[in-house]
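Down below is the structure, laid out as structure tokens.
The values are calculated or read from the model by the stated rules, or taken from the named source; none is laboratory data. Since we're looking at a predicted model, the values are computed, not measured. Virtual Cβ from ideal backbone geometry, glycine too; neighbours counted across all protein chains shown. What goes into the accessible areas is simple: the full protein's heavy atoms, side chains included, and nothing from ligands, DNA or RNA. Shrake-Rupley method; radii C 1.70, N 1.55, O 1.52, S 1.80 Å.
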Amino acid sequence: MKVPSLFLCALVTLGLASPAAAQFGLLEQGAKRAKQINDFRWTDEEKAALGARVSELVRQRYGVVQDPAVHKYVTLVGRTITEKTAKPGLPWTFIVLDTDAVNAFAAPHGYVHITRGALALMKNEAELAGVLSHEIVHVTEEHTIDTLKKNTLKSAAAEEVSGGNALIEFLANAAYNNILDNAYSRGDEGSADTLGIALISKAGYAPQGLGSFLGTLAERNKSATEKRGLFSSHPEMQARQDKLTATITKEKLAGTQLVEARYKSSISYKPVPQSQIATVAAGTKGLAGGSGGSKSAEPAPAKEEAPKKKGFGLSKLTGGGGSETKSAQVVGSGGARGLDPEKDAKGGGNPAVVAVKVTPADVQAFKKAGQLT
Ligand SMILES: [Zn+2]
């Protein structure tokens, strides 16, 4: 599932032959379209195709750090946590995005993205585990799909979306915009926090890791007039940290490991202040150029190839449309008006997934070395 061409195959298959296509066909009849999508029961294959496409959009936006060692490390921390979930068998894929922005994004069916800038800001492995587990819970509880249904599909009835592929593309773009805008409900965020720290504690990590990182974020954001970036729509930071502390006591979460030395030897990025992050126009799609590589290894987003039809809803959702958005321009630094540097940051130039092989034995050895369980 890590080879980009397979992603495209999955989408094509979905569009032509899956049960989804049959249901999408009904949608074309027009009536009750939104309700039908809301009631739609996704198969694993459909969730996988949607997640793959959303991840592709995220990777095309920010680029991927082309460093197998960093990916292997983040994957090992991630797998240590996913082992403890009810869905250890999802095709979990951990992706480090090539941007100074501090952010993390989950996509359906096992995709967890974290930025280089977030890694730079963390002090130890327990903090990384805390943020990854929050995103992992968004996946396992299917918050990504619920948010799509709640936020986006209400307006779907008004959209002229035709055909299975066009609809998947519509849904993937909507889900992409939701996760960039952190459109989860407050309830989803709360459960991602509390279930997340329970998971890392079960794995042996100090459950204080998430709260500790949120404290660093609060400090980073204290001069900002708006809440920015990671968890931007979350409850107030202090209330959130208080809830985490209360949960640790109430649930008797007893993990203790910080694993600081291994974190420091694995991650050497330096944080970039918000005011110095280069940004691109809000809603820009596609590659912004940068430090990650010189060439795109994948075709341009299929959005560009989608049939241009009057009323086709993507441009509304992406804040732009057609080829105008194809080449992104760096428009300013973190202070540029109306831009959130943690979301609108420039990204790297290479969207290719960095495939890493991590066996169950590797995870065992990793846990043992970190005194994890
Ligand atoms: Zn969240």
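Heavy atoms only, probe 1.4 angstrom, no DNA, RNA or ligands counted: give me SER223, SER133 ranked by accessible area, highest first. Please report the intermediate quantities before stating the final value.
Numbers: SER223 105, SER133 0 Å².
The ordering from most to least exposed comes out as SER223, SER133.
Considering only protein heavy atoms, with the full assembly of protein chains and a 1.4 angstrom probe, order ARG79, ARG61 by accessible area, largest first.
Per-residue accessible area, sorted high to low, gives ARG79, ARG61.
Over 30 Å between Cα atoms, which of LYS123/LYS367; LYS250/LYS270; LYS270/LYS343 qualify?
Table pairs above 30 Å Cα-Cα are LYS250/LYS270.
Can you work out the Karplus-derived ³J(HN,Hα) for every residue in segment 251-268? Use 6.51 cos²θ - 1.76 cosθ + 1.60 with θ = phi - 60°, whole Hz, and x for glycine or proline.
8, 6, 6, 10, x, 10, 7, 9, 6, 7, 4, 5, 4, 5, 7, 9, 10, 10
Per-residue counts of other Cβ atoms within 10 Å, averaged by peptide: what ranking do you get for 191-203, 66-78, 258-270, highest first?
So the order, starting with the most tightly packed, is 191-203, 66-78, 258-270.
Pull up all non-local amide H partners of ALA352: gap of 5 or more, or a different chain, and H-to-H distance under 5 Å with H placed in the peptide plane.
VAL64, ALA297
Can you run phi through the Karplus equation (6.51, -1.76, 1.60; θ = phi - 60°) for segment 343-355 and list ³J(HN,Hα) in whole Hz, with x for Gly and Pro?
10, 8, 5, 5, x, x, x, 10, x, 5, 5, 9, 6
Under the Karplus relation 6.51 cos²θ - 1.76 cosθ + 1.60, θ = phi - 60°, what is the ordered set of whole-Hz ³J(HN,Hα) values for segment 49-54, x standing for Gly and Pro?
3J(HN,Hα) across segment 49-54, in whole Hz: 5, 5, x, 4, 6, 4.
First compute the accessible area of segment 85-138 with a 1.4 Å probe, then give the percent of it belonging to carbon and sulfur atoms. Let's see the in-between values first.
Values: 450 of 790 Å².
Here carbon and sulfur together make up 57 percent of the probe-accessible area.
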